[in-house]
């Protein structure tokens, strides 16, 4: 749509918005000009500070360039309305031309060297000061010339130029950072503790500034202006450009009001000297607090960025750690699990078996093992192929997995040889389990294999404190071979008896 209707006409709402902002700026310009004319300590009407230029410069920095003519027209109309009848229309037009020249020059240079321009970086504050000095200085030459040629006065051209220069610069320093700080800054609601701190800072500033600038020449105790310096620095550190600009503007309002009423610590022998002294004081106060606010904001931004990067790095490290942990678990699983059947391998089984035997001996618990071997497995591989043989192994392992308890240990210890350890199970329980497994395996139907697979099994139980895993497996293996030699597809046990005679099922 690009801000247009289907007929190509700019919507009325957009025009209203584009006109409302320049008109609002023009009203602010007018009020600032009236205040500037009223705040004059010299008979020629030169203001101590000129707020309209700060308002216009802020508007130009915030507005798109296509709307600049609207703002400039509004400024000219506001200048004429504010200067009349103190100055003639010709003088008002001359002053308007000078002010527009200054603001256009400053806005153009600032947007050329820093876009977007914002006072939240120390570099931009420095550029702001560097641009403000020549822009207001050149405008002051033109303004002082208009005064010298059109206003009867005893003040020299260069005094006019200096006061105009500092007055324009002072107005821009007081207003432009304030407007940019509030309109460009993030919309954050202050926490309760920050609200209380801001209220305390504002009250302390108001009271202390009035106290310092309400002194008269007969006071015995001098109230020095430098006592106020910590307040804008406090505002700069805690509340950024907004806080610093707001506190400095409050300073300026009180200081100028007091000076116009011939009180305060900055009175000099002549009105021109008083104006120069006050302007210099406020300029130093404003620029130093703005620079500190920008520096603190830049440090905070850098800290936040580093904190964000650190959190991102920690998250990546944590993710990589989890990946490594999963990889290690997978490697451990691969190192301990038979990939074909999912049963434990021989090494892992021996590690777990030693732990279970030690626990059984320590607690006096029974423990049994079952050794199983597929009957005629080589014949199955030779007749039907290794793929069918693998399927037979997988089917057997699945049957055993589905039958065992959670604490039982199942392992593949050879090509077609498997072993089951039953912690907590007596020999009679192990015989029943072995027989149950034999019957279930016999019922298995292996895809592609026309013959039923059977197993022979040997059973042994832990019978004394001396016997270890090797002894237990050796007896179970002897029982397995007895089952093989006895005709296969049966279960035999092997016990430690004096006659060394096996018992068969």
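The values are calculated or read from the model by the stated rules, or taken from the named source; none is laboratory data. Keep in mind that what you see is a predicted model, and the values were worked out from it rather than measured. Reconstructed Cβ throughout: ideal geometry from the backbone, glycine too, with neighbour counts over all protein chains shown.
Just one of the listed residues (402, 398) is over 23 Å from residue 350 (Cβ atoms), at pLDDT 90 or above and out of contact with any helix residue (DSSP H, G or I) (no Cβ under 9 Å at 6 or more places or on another chain), and it is 398. Scanning the range 112-130 for residues that are part of a helix (DSSP H, G or I) and closer than 19 Å to residue 63 by Cα returns 112, 113, 124, 128. The single condition among (1) touching a helix residue (DSSP H, G or I) at 6+ places or on another chain (Cβ under 9 Å); (2) at pLDDT below 80; (3) more than 16 Å from residue 147 (Cα to Cα) that residue 17 does not satisfy is (1). May I ask you to verify whether residue 128 is surrounded by 15 or more Cβ atoms within 10 Å (Cβ to Cβ), out of contact with any helix residue (DSSP H, G or I) (no Cβ under 6 Å at 6 or more places or on another chain) and assigned by TED's automatic domain parsing to the domain that holds residue 69? Criteria met by residue 128. Just one of (1) in contact (Cβ under 8 Å) with a residue 40 or more places away in the chain; (2) over 58 Å from the mean Cα position of the chain (by Cα); (3) part of a helix (DSSP H, G or I); (4) farther than 21 Å from residue 367 by Cα fails for residue 477. It is (4).
One line per residue, one yes/no per condition, for (1) surrounded by 22 or more Cβ atoms within 10 Å (Cβ to Cβ); (2) modelled with pLDDT under 90; (3) part of a helix (DSSP H, G or I):
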site: 161; (1), (2), (3): no, yes, yes
site: 174; (1), (2), (3): yes, yes, yes
site: 182; (1), (2), (3): no, yes, yes
site: 186; (1), (2), (3): no, yes, no
site: 203; (1), (2), (3): no, no, yes
site: 215; (1), (2), (3): no, yes, no
site: 233; (1), (2), (3): no, no, yes
site: 237; (1), (2), (3): no, no, yes
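You will find that of 365, 372, 340, the residue that is closer than 26 Å to residue 434 by Cβ and either outside the structural domain of residue 418 (by TED's automatic domain parsing) or part of a helix (DSSP H, G or I) (or both) is 340 and no other. Checking each residue in the range 405-415 for being modelled with pLDDT under 90 and crowded, with 20+ Cβ neighbours inside 10 Å picks out only 413.
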